[in-house]
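Colleague: The structure follows.
The values are calculated or read from the model by the stated rules, or taken from the named source; none is laboratory data. Everything numeric in this text was worked out from a predicted model, so none of it was measured. Cβ coordinates were reconstructed from backbone atoms using ideal geometry, including for glycine residues, and neighbour counts include every protein chain displayed. Side chains included, ligands, DNA and RNA excluded: accessible areas come from the protein's heavy atoms. Shrake-Rupley method; radii C 1.70, N 1.55, O 1.52, S 1.80 Å.
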Amino acid sequence: MALGSGIYVAHSVAFRSELQWMAPDHIGSSTSSRQRDLVFIVNPLGANGRTGKEWRKLVPYLRSRLGKDCNICESITSGPCHAIDITREAIREGADAVIAVGGDGTLHEVVNGFFWAGKPVVSQVKESTRSTALGLIPLGTGSDFARTFGWKNDPYEAIERVARGVITGENCDHHYFINVADIHLSAKAGFYASRYKRFGNLCYIIGALQAFIGHQNRHLRIRFNDGPWETFPEVTALCIGNAKYFGGGMKITPNADPFSRNLEVVILQNFKWYDFVLKLHRLYSGTHLSVKNVSDRSVLSIEVEDISGKGGIYIQSDGEHLGFLPKKISVLPAAIEMIL
């Protein structure tokens, strides 16, 4: 993860009906009528252990539904960032698709596995002529990315979809997100919420309450699309969306569209705790853009700095803590093909 100033790269994904296989010993096949090679990456601890339990129930149906046409192998993550390594290995060995099984955190890691040192990971199998697709079976706590497409937390429906079918730090590391990146209060709330995931969606409320303690709005310097710097006083939260939802169903960037090749930026200024209480329903319904002290715009890139120089302004993407300002965030259009 990049903790210094850097570039977050969001992906406006293109979709195709491609499947990937996970074989017990290796990945890849060269016959013209070969089975598709599918890798399912499972976070067994997701949703307080529910993901692992639901996955075990799902496997027999998965194999019966896809087994004739696909080589299927599951890979269980053992800890943070393990899904990144699994994804990179699968792509290099010629997988047709990598499918994240879990919530936004698991999907976030899998997306980062599509890249290495700022460049897309590519297959090392000579016979491979296709890029690896990305798939999702939403079984996590939030599954906010799935909401953008109207997908339910229904694994059987997700299997049918399968069947049919950057942040640079000072040390030049790269990081990528696919859903929403956010700064200041909401990112701090997400940081605290991660400690309470055993309570399900209640963790977001607990995290928000904890984040409000000692919170102060901050003046930020922002520039869009490498243009002139602008000053935004008393910023409470700033959200950059490739998709629409975060925080367990909050439609924070309602105009974001992963197909658009742009990011939607929503800035909340001079909000007090009671503003969130009174306007929470509008944040969840996506009707908050007309509220006083809320602004939005569509951008290709955004750079954000803390004017005060005090530091400590949190940033997260896809619900994962990524450090503090300053940061630059830009879109990487059509970087990943996804199963729709």
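Colleague: Tally up the carbon and sulfur contribution to the accessible surface of the chain as a whole percent, 1.4 Å probe, everything protein left in place. List each step's numbers first, then the result.
Modeller: Values: 7660 of 14730 Å².
Carbon and sulfur atoms account for 52 percent of the accessible area of the chain.
Colleague: I've got another one for you. How would the stretch 66-163 be classified by its alpha-carbon gyration tensor: rounded, prolate or oblate, with rounded meaning a/c under 1.5 and the a/b versus b/c comparison settling the rest? Before the final figure, lay out each step's value.
Modeller: Working: a/c = 1.84, a/b = 1.29, b/c = 1.43.
Because a/c hits 1.5 or more and a/b fails to exceed b/c, the stretch 66-163 counts as oblate.
Colleague: I've got another one for you. Which value, in Å² rounded to 10, gives the accessible area of HIS281 with a 1.4 Å probe and all protein chains present?
Modeller: Accessible area, nearest 10 Å²: 120 Å².
Colleague: Can you run phi through the Karplus equation (6.51, -1.76, 1.60; θ = phi - 60°) for the stretch 138-150 and list ³J(HN,Hα) in whole Hz, with x for Gly and Pro?
Modeller: With coefficients 6.51, -1.76 and 1.60, one gets x, 9, x, 5, x, 6, 6, 4, 5, 5, 4, 9, x Hz.
Colleague: Which whole-number value in Å² is the accessible area per residue of the chain, probe 1.4 Å? Working shown, then result.
Modeller: Working: 14730 Å² over 340 residues.
I get 43 Å² per residue for the chain.
Colleague: Let me ask something additional. Charges at C-beta only: +1 for Lys and Arg, -1 for Asp and Glu. How large is the resulting dipole of the chain about its Cα centre, in Debye rounded to 20? Don't skip to the end; give the middle numbers.
Modeller: Working: 37 positive and 33 negative charges, 152 e Å.
Around 740 debye, computed over the chain.
Colleague: Could you work out [θ]222 nm for the chain from helices alone, using -39500 (n - 2.57) per DSSP H run of at least four and dividing by all its residues? Round to the nearest 500 deg cm²/dmol. All intermediate terms of the calculation are to be shown ahead of the outcome.
Modeller: Details: 8 runs with 85 residues, N = 340.
Result for the chain, helices only: -7500 deg cm²/dmol.
Colleague: Here's another thing I want to ask about it. Would you please classify the overall shape of the stretch 266-340 from the alpha carbon gyration tensor, given that a ≥ b ≥ c denote the square roots of the eigenvalues, rounded means a/c under 1.5, and beyond that prolate means a/b larger than b/c while oblate covers the rest? Could you put the intermediate results ahead of the total?
Modeller: Values: a/c = 1.88, a/b = 1.18, b/c = 1.60.
Note, shape of the stretch 266-340 comes out oblate.
Colleague: Which one, VAL110, ASN242, SER194, is farthest towards the positive end of the dipole of the chain when Lys and Arg carry +1 and Asp and Glu -1 on their Cβ?
Modeller: Of VAL110, ASN242, SER194, it is SER194.
Colleague: Given (i) 160; (ii) 147; (iii) 122 as candidate values of volume of the Cα convex hull per residue in Å³, which corresponds to the one derived from the coordinates?
Modeller: Entry (iii).
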